[in-house]
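Working notes, beginning with the structure itself.
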Amino acid sequence: MALRVMIVDDALFMRNMLKDICVRAGFEVVAEADNGETALELYRVHRPELVTMDIVMPRRSGIEALQDIMAEDPQARVVMVSALGQDSLVLEAVEAGARDFIVKPFKEEKVIDVIRRITAGG
């Protein structure tokens, strides 16, 4: 059974890029969101095995959405997606429960490696 992934990013281009990477790697993208508020709603519905979460988004930041998801599901596996120079936000996200992070612009191999490492063993 394919790994179930939810992609959260306010930029459609970035969601499509991550979706293409995930599909090529054999993962199933079960949901996409363009803000942290929608991300929480879709997480509740789909319960994906892994979430990629942009840090800076409108309506509810990725860190706020991460905190909400972790409060509801402490076992959630969330990988933050950040731009270069967002080190303090990445640190805040890791302290809030993110399992790892990917820096934009990212390489396909790095994205797949991080997802596989985080989800190894179920």
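The values are calculated or read from the model by the stated rules, or taken from the named source; none is laboratory data. Being a predicted model, the structure only gives us computed values, none of them experimental. Glycine also receives a Cβ, built like all others from the backbone with ideal geometry; neighbour counts cover every protein chain displayed. Side chains are part of the model used for accessible areas, which takes the heavy atoms of the whole protein and leaves out ligands, DNA and RNA. Shrake-Rupley method; radii C 1.70, N 1.55, O 1.52, S 1.80 Å.
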At a 1.4 Å probe, what is the % contribution of carbon and sulfur to the accessible area of the range 59-98?
49
Amide H neighbours of ALA33 under 5 Å, at least 5 residues apart or on other chains, H built in the peptide plane: list them.
ILE7, VAL8, ASP9
Relative to the compact-globule scaling 2.2 N^0.38 Å, provide the ratio for the alpha-carbon radius of gyration of the chain.
0.93
Binned at 10 Å starting from 0, the alpha-carbon pair-distance distribution of the range 37-89 in whole percents comes out as 25, 58, 16, 1
What percentage of all Cα-Cα pairs in the range 71-122 are separated by more than 13 Å?
59
In Å², and per residue, what accessible area does the chain have when probed at 1.4 Å with the other protein chains present?
50
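At a threshold of 8 angstrom on Cα-Cα distance, excluding pairs fewer than six apart, so keeping six or more, what relative contact order does the chain reach in percent?
22
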Specify the inter-centroid distance of the range 99-119 and the range 1-67, based on alpha-carbon positions, in whole Å.
14
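In deg cm²/dmol, rounded to 500, what helix-only [θ] at 222 nm does the chain give when every DSSP H run of at least 4 residues adds -39500 (n - 2.57) and the total is split over its residues? Walk me through the numbers before you get to the answer.
On the way: 5 runs with 56 residues, N = 122.
Computed mean residue ellipticity for the chain: -14000 deg cm²/dmol.
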Please name whichever of ALA31, ILE115, LEU66 sits farthest to the positive end of the charge dipole of the chain, dipole taken about the Cα centre and charges placed at Cβ: Lys and Arg +1, Asp and Glu -1.
ILE115
Which far-off residues, 5 or more places away or on another chain, put their amide H under 5 Å from the one on VAL56, with H placed in the peptide plane?
GLY62
